[in-house]
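S.K.: One structure is given below, represented as structure tokens, and several questions about it will come after.
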Amino acid sequence: MSQKRALVTGGAGFLGSHLCDALLAEGYAVIAVDNLLTGRRPNLDHLRNEPRFEFRKLDINEPFDCGPVDYVFHFASPASPVDYTVHGIDTLKVGSLGTFHALEVARKYGAKYLVSSTSECYGDPLEHPQKETYWGHVNPIGPRSVYDEAKRFTEAVTMAYHRYHKVDTRIVRIFNTYGPRMQLNDGRVVPNFMKQALRGEPLTVYGDGKQTRSFCYVSDEIEGFIRLSKSSEHLPVNIGNPTEFTILECAQHVLAVTGSKSAIKYEPLPQDDPKQRRPDITKARTLLGWEPKIDLEAGLRLSLDYFRKALQEETARA
Ligand code: UDP
């Protein structure tokens, strides 16, 4: 049997790079592409001597072709609220132009296709927990719209290629995920709190800290992607951890895991910050036999070494 080849867009990103590892473990040859806007080459350093792995720096907002592939995993996009606010136009472009180009690759080579979508499709949800059938409550012109609408458009293009061109597509709606290889300064809550706790600085809680999120450890999340990649479900599937925490509770867990004595400092809530977020994962459980195994404290413990090292490197660079 000839070796299967997978293409990962956004392969140098947090999730993209972990996905490359998982696909190599599944026996694929992997080609990762990334324009390194928010992705980082060091996320792939450990694969330098892996003969089945190749990295190409390229911008998928232009048409591209890296030769025949059996599977396209489209994971390219800024993903943290700070990153997609700074890179708003690029975020819209990669969700639209980039998605067309990734789908064209799948169409050309008859490859299977899986795209990363997001719980942001649900916006500031009025239905709780969020099922895949919920259409969402999204501000189409607010500061988060560059990401939310890009991803909703991504889903629309993906379904259109499935319906009109018969591309064998899958859509994963990703909820808050954390773990090693997150950028220390991407502004998301876990890296922010870990960095602040390890430095003994106050933890910045936005608003009253009563808003909720449900945090999935990266290895659980990736296992969900791999299972979905092997299924033939074309409609979106939520992959996330259904245990919900307030942001204040998240801060307490970070303090417990790091042993930090940092105080809590309240700062203004960003505009349109969702008040609650929790996936209904009945579909993933039934369809894929998937559910997360690692709870928040265990996952934070597993991430601690990474954040310590990242912080040391940052301090050494300063
Ligand atoms: N948040 C916070 N302090 C921070 C960073 C984030 O209180 O230093 C809050 C943010 O307002 C939101 C939640 O934590 O309610 C999750 O934010 P994040 O940026 O990680 O991702 P989001 O789920 O909003 O995309």
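The values are calculated or read from the model by the stated rules, or taken from the named source; none is laboratory data. Everything quoted here is computed from the prediction, not taken from an experiment. With ideal geometry, Cβ positions are generated from the backbone for all residues, glycine too; neighbour counts draw on all protein chains shown.
S.K.: Enumerate the pairs (first residue in segment 184-204 and modelled with pLDDT under 95 and among the acidic types (Asp, Glu); second residue anywhere and in a loop (DSSP other than H, G, I, E, B) and more than 7 Å from the ligand (Cβ to nearest atom)) with beta-carbon separation below 9 Å, excluding pairs fewer than 6 apart on the same chain, so at least 6 apart or on different chains.
M.R.: Listed by first residue and then by second, the contacts come to Asp186/Thr38; Asp186/Pro78; Asp186/Ala79.
S.K.: Ok, one more. Among Val189, Val172, which is the only one that is crowded, with 18+ Cβ neighbours inside 10 Å and under 22 Å from Glu313 (Cβ atoms)? Working first, answer last.
M.R.: Details: Val172 fails: under 22 Å from Glu313 (Cβ atoms).
Unique residue meeting the criteria: Val189.
S.K.: Inspect all residues belonging to segment 94-112 and state whether any of them is under 20 Å from Met182 (Cβ atoms), away from the ligand (no atom under 16 Å from the Cβ) and at pLDDT 95 or above.
M.R.: Step one: filter segment 94-112 for residues under 20 Å from Met182 (Cβ atoms), giving 94.
Those left that are additionally away from the ligand (no atom under 16 Å from the Cβ): 94.
Still in the running and at pLDDT 95 or above: 94.
Yes - at least one qualifying residue is present in segment 94-112.
S.K.: While we're looking at this one, here's another question. Only strands (runs of 3 or more DSSP E) wholly contained in segment 156-244 count here; list those with 1 or more residues that are in contact with a Cys (Cβ under 9 Å, 6 or more places away or on another chain) and more than 12 Å from the ligand (Cβ to nearest atom).
M.R.: Values: elements: 169-174, 203-206, 212-214, 237-239.
Answer list for segment 156-244: 169-174, 237-239.
S.K.: Only residues that are part of a loop (DSSP other than H, G, I, E, B) and either under 16 Å from Tyr161 (Cβ atoms) or touching a helix residue (DSSP H, G or I) at 6+ places or on another chain (Cβ under 9 Å) (or both): list them for segment 96-132, please. Walk me through it before giving the result.
M.R.: Start the filter on segment 96-132 by keeping residues that are part of a loop (DSSP other than H, G, I, E, B), which leaves 110-111, 124-129, 131-132.
Within segment 96-132, Gly110, Ala111, Pro125, Lys131, Glu132 meet the criteria.
S.K.: So which residues in segment 216-252 are among the hydrophobic types (A, V, I, L, M, F, W, C) and closer than 27 Å to Tyr113 by Cβ, if there are any at all?
M.R.: The initial filter retains those residues of segment 216-252 that are among the hydrophobic types (A, V, I, L, M, F, W, C), namely 216, 218, 222, 225-226, 228, 235, 237, 239, 245, 247-248, 250-251.
Residues satisfying the conditions are Cys216, Val218, Ile222, Phe225, Ile226, Leu228, Leu235, Val237, Ile239.
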